[in-house]
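Below is one structure; the comments refer to it alone.
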């Protein structure tokens, strides 16, 4: 008899162009670059796609989400929520009135019977989610690896053994366009700050 494989979706959500709002995407990008997973694990840059993520959520038996959320905690604090705790926090901060927050995606999935059996949110308290064109602040960037360890621990509890990539980063198919890689993105911002006398000093403070 063929064994049943539970699909697991690992999703990073947020806007890379709004400082710490990009934490979720940067986390899933780092996970993809460092680890190789079996076929039932799907890593995805959810960005700010909102309701367009619904069918991916419906297809998942387990869902792991990385996000930057204002929990009212000290900046850079990691907080892990699971199952029924997740919807009331996730997507609280919307970038505009036209963006469907991810909590609505979960609410619709639950309404139509497509909510994953298990939800895990790995959130970080942001420092700044307002600066357009900014990158992750130091306190938030420092939490990427601890957040990945939490996700890997959960996956191991589900029987998923990830393999570290040892074949060189050049061989990894990127989740994001090369121009949005964090090192490339921050190097571009540094160039702008250095070449513009009155540039915002926070450009180099990340």
Original post:
Restricting attention to segment 7-17, does a residue exist that is touching a helix residue (DSSP H, G or I) at 6+ places or on another chain (Cβ under 7 Å) and in a helix (DSSP H, G or I)?
Top reply: no
Subject >> Residue satisfying all of: in segment 53-80; outside any loop (DSSP other than H, G, I, E, B) and out of contact with any helix residue (DSSP H, G or I) (no Cβ under 8 Å at 6 or more places or on another chain); surrounded by the most Cβ atoms within 10 Å (Cβ to Cβ) among these >> reply: 62
Subject >> Any chance residue 107 is modelled with pLDDT under 90, on the phi < 0 side of the Ramachandran plot and part of a helix (DSSP H, G or I) >> reply: yes
Original post:
In segment 32-50, how many are touching a residue at least 40 places away in the same chain (Cβ under 8 Å), under 16 Å from the mean Cα position of the chain (by Cα) and either over 13 Å from residue 121 (Cβ atoms) or part of a helix (DSSP H, G or I) (or both)?
Top reply: 10
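The values are calculated or read from the model by the stated rules, or taken from the named source; none is laboratory data. Keep in mind the model is a prediction, meaning the values are calculated, not measured. Counting neighbours? That spans all protein chains shown, and the Cβs are built from the backbone with ideal geometry, glycine included.
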